[in-house]
Amino acid sequence: MPLMPTRTRSRRREQGFTLLELAISLVIVSLVSGGLMMALSARHNTLATSETQHRINNARDALLGFAAANGRLPCPAAPGKTGLESPPGGGTCTNPWDGFLPAVTLGLAPTNAQGYALDDWGNPIRYVITTYGDTDYCAGHMFATTNCLKAAWLNKQAAPDLHVCSSATGMSGNGASANCAAGSTLASNAVAVIFSRGANGGAHPRSLDESANGNVDRLFVSHTQTAAGTANEFDDIVTWLSPNIFYYRLIAAGRLP
């Protein structure tokens, strides 16, 4: 078979890529672009997680500052309304287990147009308060009623009852009787819980653990985030307020005893 003249081979190279060469180039570009996009997405999620944790920590400090100034915690803001606590002035909170951080009441930013504090994914930060009360000292929730805890301090041991678990597996009960499974309790006496539903916003919980943070009860789940698409996908960021820290701040502020 006669060899192709050198001039003909050179002319073909000068005319550009063959279809095969072009296809291979496109595959390589797609792989590189996909890898870069995944790296950028992971980097963005890491930064968003860090910033959201920072905002939650600031919210926790703001709640303690509010309590030191007012002798109580604010009620959560009601869904679909504004970033003001509900009801104004505290007492019996309208949405103790399914409300939002009352950013307007606390003077926090950033917020959306309704006044709800936002995480770094643009979703409202959630805030939950214990419903513990004692009608001998006040008509409303003890930790949301001005000086109710002070009135009971020397005569009654308060019993905040929010539960935080490391897993929702094996949890029992519902509402005010919801409990963690044996060995998974992180806290059984939290005064308040502040949390973000993560990048997916909790709109479509991917796991039992994420679903537990959307139920209207006293039980919440906190553990290390897991990757999207895994069997137990979990990207919520959860912080809670222990009664001992809360009491210490009130004592330091002269609100207790």
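Among the residues of the range 96-108, those that are surrounded by 19 or more Cβ atoms within 10 Å (Cβ to Cβ), within 21 Å of A176 (Cβ to Cβ) and of a type outside the set (A, V, I, L, M, F, W, C) comprise P96, G99.
A count restricted to the range 111-126 and to residues that are touching a Ser or Thr at 6+ places or on another chain (Cβ under 6 Å), more than 9 Å from L101 (Cα to Cα) and not in a loop (DSSP other than H, G, I, E, B) stands at 0. Of A23, A62, all but one fail to be out of contact with any Gly (no Cβ under 7 Å at 6 or more places or on another chain), in a helix (DSSP H, G or I) and modelled with pLDDT of 90 or more; the exception is A62.
If you check T111, T135, which single one turns out to be touching a helix residue (DSSP H, G or I) at 6+ places or on another chain (Cβ under 7 Å) and surrounded by fewer than 20 Cβ atoms within 10 Å (Cβ to Cβ)? Going through T111, T135 in turn, just one is touching a helix residue (DSSP H, G or I) at 6+ places or on another chain (Cβ under 7 Å) and surrounded by fewer than 20 Cβ atoms within 10 Å (Cβ to Cβ): T111.
If you go through the range 178-214 and keep only what is free of Cβ contacts under 8 Å to residues at least 24 places away in the same chain and not hydrophobic (A, V, I, L, M, F, W, C), you end up with G183, S184, T185, H204, P205, G214. Among the residues examined, S242 qualifies as out of contact with any Phe, Trp or Tyr (no Cβ under 8 Å at 6 or more places or on another chain) and under 23 Å from H54 (Cα atoms). Looking only at the range 41-53, decide whether some residue is within 19 Å of G140 (Cα to Cα) and modelled with pLDDT of 75 or more. No, every residue in the range 41-53 fails to be within 19 Å of G140 (Cα to Cα) and modelled with pLDDT of 75 or more. The residues of the range 152-174 that are among the small types (G, A, S) and surrounded by fewer than 16 Cβ atoms within 10 Å (Cβ to Cβ), listed by number, are A159, G170, S172, G173. When E233 is tested against (1) crowded, with 19+ Cβ neighbours inside 10 Å; (2) among the acidic types (D, E); (3) in contact with a Lys or Arg (Cβ under 9 Å, 6 or more places away or on another chain), just one condition goes unmet, and that condition is (1). Checking P88, P96, P74 one by one, the residue that is modelled with pLDDT of 95 or more, out of contact with any Leu (no Cβ under 6 Å at 6 or more places or on another chain), under 23 Å from A203 (Cβ atoms) and not in a helix (DSSP H, G or I) is P96 and no other.
How about the range 178-214: which of its residues are assigned to a loop (DSSP other than H, G, I, E, B) and more than 18 Å from the chain's Cα centre (by Cα)?
Taking the range 178-214 as the starting set, the residues that turn out to be assigned to a loop (DSSP other than H, G, I, E, B) are 178, 180-184, 191, 197-207, 213-214.
Answer for the range 178-214, where residues must be assigned to a loop (DSSP other than H, G, I, E, B) and more than 18 Å from the chain's Cα centre (by Cα): A178, C180, A181, A182, G183, S184.
Tell me, please, whether a residue that is within 30 Å of G122 (Cβ to Cβ), of a type in the set (D, E, K, R) and modelled with pLDDT of 95 or more can be found in the range 216-225.
Yes, the conditions are met somewhere in the range 216-225.
Checked against (1) in contact (Cβ under 8 Å) with a residue 60 or more places away in the chain; (2) surrounded by fewer than 18 Cβ atoms within 10 Å (Cβ to Cβ), R55 passes all but a single condition, namely (2).
The values are calculated or read from the model by the stated rules, or taken from the named source; none is laboratory data. Quantities reported herein were computed from a predicted structural model and do not represent experimental measurements. Note that we place each Cβ from the backbone using ideal geometry, even for glycine, and neighbour counts take in every protein chain shown.
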